[in-house]
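The values are calculated or read from the model by the stated rules, or taken from the named source; none is laboratory data. Keep in mind it's a predicted model, so treat the numbers as computed, not measured. When we count neighbours, we look across all protein chains shown, and the Cβ atoms used for this are built from the backbone with ideal geometry, even at glycine. Note: accessible area is taken over every heavy atom of the protein model, side chains too, but ligands, DNA and RNA are not part of it. Shrake-Rupley method; radii C 1.70, N 1.55, O 1.52, S 1.80 Å.
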Amino acid sequence: MDRREIAALLAYIGRLDPRTIRTDQGEARDQLAQWHELLGDVPMATPHGWDARVAARQHIRISPYQILPADVARPWESYRRDRLARHSDPTPSADPDDQAAWTAELVGTRRAVAAGTAQPAQARAITSGRDRIDPRLEARLRQIGSCIPPAARAALAPYRPARAAREAAVAQGLPDALSVTCEWCLAQPGEPCLRRRIGPDDGVRTTAPRATPHPGRVDLAAAQQAQPSEQVQQPALA
C-alpha cells in the first residue's frame with residue numbers, strides 16, 4: 001500500500017473505532033508514517049480474496065484491543081502461506097536448457113500466487129477427492145473406462161501376462177483368482193502365483209511368476225464368490 005492507500009485504510013478504521021483517530025496533525029503524520037513503514041508491502045486488495053479493510057474490520061469486531069499494524073500484517077502472511085501451500089508449480093514454458101529463464105519463471109509464478117494476483121495451480125486437486133474432481137476428467141474416465149487406453153493395454157499384455165489373464169477372467173465373469181491368497185505358493189492377494197523350481201536335493205532353487213494362477217487358487221476364489229450368493233438364496237429359518 002502506498003501512503004494514499006494507508007491514509008484511506010486509517011480513515012476506514014477510524015470510522016469503526018474512533019480510538020485510532022489522531023486529531024493532532026503531527027500525531028496523524030507520525031501514525032501514517034508508522035503504518036506505511038510496516039504495511040508498505042501489504043496490498044490494499046487483490047483479485048483473489050484479500051482485502052486489508054476486511055482484516056481490519058474482523059479484528060475490530062472480535063477484539064477489545066485497539067488495532068495495530070500487526071493485526072493486518074498477520075492475516076496477510078496467513079493468506080500468503082495458505083495460497084503457496086495449495087500451489088503446485090506448473091511446468092514453465094521457458095526452455096529447460098535455459099536455467100536462468102526456467103528459474104525466473106518459477107519464481108515469478110510463485111510470487112504472483114503469493115501476492116494474490118494469480119490463482120494457485122492445484123494439480124493435486126485431481127486426486128484430492130471425488131467431490132472436487134474436474135467434470136471433464138470424470139467424463140473422460142467414464143468414456144475410456146480406465147486411465148490406460150485399450151490400445152495401450154493390449155500392447156502391454158505380452159509383457160504382463162498375469163495381469164492380462166486376470167483382466168480377461170474378470171471380463172468373462174469368471175472369479176478373480178488374484179483376489180485371494182494362494183494356498184499352494186502363498187502368493188498374497190494381488191500378486192501372481194509363483195512357479196517353484198526344485199533342485200536334485202528336493203530343495204527349492206528359484207521361483208518365477210506364473211502367467212496363470214494355480215488351479216487351487218482359482219477354485220478358492222470361485223468358492224468365495226459363490227458363498228455370498230448362496231447365503232442370499234438360503235431361506236431364513238423359522
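Could you run through the stretch 67-104 and say how many residues are in contact with a helix residue (DSSP H, G or I) (Cβ under 6 Å, 6 or more places away or on another chain), in a helix (DSSP H, G or I) and among the small types (G, A, S)?
Of the residues in that region, 0 qualify.
What is the residue count in the stretch 1-17 for residues that are over 21 Å from I62 (Cβ atoms), without any contact (Cβ under 8 Å) to a residue 12 or more places away in the chain and open to solvent by 90 Å² or more (accessible area, probe 1.4 Å)?
1
Which one of these does L38 not meet: (1) open to solvent by 40 Å² or more (accessible area, probe 1.4 Å); (2) touching a helix residue (DSSP H, G or I) at 6+ places or on another chain (Cβ under 6 Å)?
Against the list (1) open to solvent by 40 Å² or more (accessible area, probe 1.4 Å); (2) touching a helix residue (DSSP H, G or I) at 6+ places or on another chain (Cβ under 6 Å), L38 comes up short only on (2).
Could you pull out the residue among A221, A226 that is farther than 30 Å from L156 by Cβ and either at pLDDT 85 or above or surrounded by 10 or more Cβ atoms within 10 Å (Cβ to Cβ) (or both)?
After ruling out the rest, the residue left standing is A226.
Please work out if T20 is open to solvent by less than 40 Å² (accessible area, probe 1.4 Å) and either within 20 Å of R111 (Cβ to Cβ) or basic (K, R) (or both).
Against the criterion (open to solvent by less than 40 Å² (accessible area, probe 1.4 Å) and either within 20 Å of R111 (Cβ to Cβ) or basic (K, R) (or both)), T20 does not qualify.
Condition first: closer than 17 Å to Y12 by Cα and not aliphatic (A, V, I, L, M). Now tell me which residues in the stretch 23-33 satisfy that.
Hits for the stretch 23-33 are T23, R29, Q31.
Could you tell me which numbered condition Y65 fails, if it satisfies all but one of (1) out of contact with any Pro (no Cβ under 6 Å at 6 or more places or on another chain); (2) surrounded by 13 or more Cβ atoms within 10 Å (Cβ to Cβ)?
(2)
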